[in-house]
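Okay, so here's the structure we're looking at.
A short reminder: the numbers here are calculations on the coordinates, not readings from a lab. Please read all numbers here as calculations on a predicted model, not as lab measurements. Virtual Cβ from ideal backbone geometry, glycine too; neighbours counted across all protein chains shown.
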Amino acid sequence: MPRNMPLILGIALVALLILAACGAPPDNAGESLNDVASQTQPAESSVEQEPPTATPEPEPEYKIVTLLPRDAIPAIFDPQFLSADEADQEYTPTELVLGVEIDGEARAYSIPFLSSHEIVNDTVGGVPIAATW
């Protein structure tokens, strides 16, 4: 037996102990401490407890308020249009419009104007349309 054999055996024993301590992680090693499902809960008494009975909150009562009577916002049935030159003078370059083009015929409906009427019945390119906003 070599002279340093007890030293080698001691080192081997320490290495085995370290490997055993560093072995496979426990089953719950990756679980969060905040994971309620993985926490062990104390045993409850065997007496069944009834759930508390709560009185349901009454549903709020809403009142329907009519601001405008039926058909108070008139539709436009015979729209009148400005020429391009007149429109350039009447509206700003940033005026929002709803544009429609059918078979080469184009219309531009002013969004602020539509906001007070909501619908224009028109014929564009021979096709009846309803422009809404």
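Projecting the Cα atoms of Q89, W133, V100 onto the dipole axis of region 73-133, where Lys and Arg carry +1 and Asp and Glu carry -1 at the beta carbon, places W133 farthest toward the positive end. Extension gain for the segment F77 to N121, taken as residue separation times 0.36 nm less the Cα-Cα distance, is 15.3 nm to one decimal.
Would you mind working out the magnitude of the charge dipole of region 73-133 relative to its Cα centre, with +1 at each Lys and Arg C-beta and -1 at each Asp and Glu C-beta, to the nearest 20 Debye? With Lys and Arg at +1 and Asp and Glu at -1, about 240 debye. Applying 1/(1 + (r/R0)^6) with R0 = 35 Å to the Cβ-Cβ distance of I102 and E57 gives a FRET efficiency near 0.05. Highest average first, the peptides 119-132, 58-71 ordered by how many other beta carbon atoms sit within 10 Å of their residues are 119-132, 58-71.
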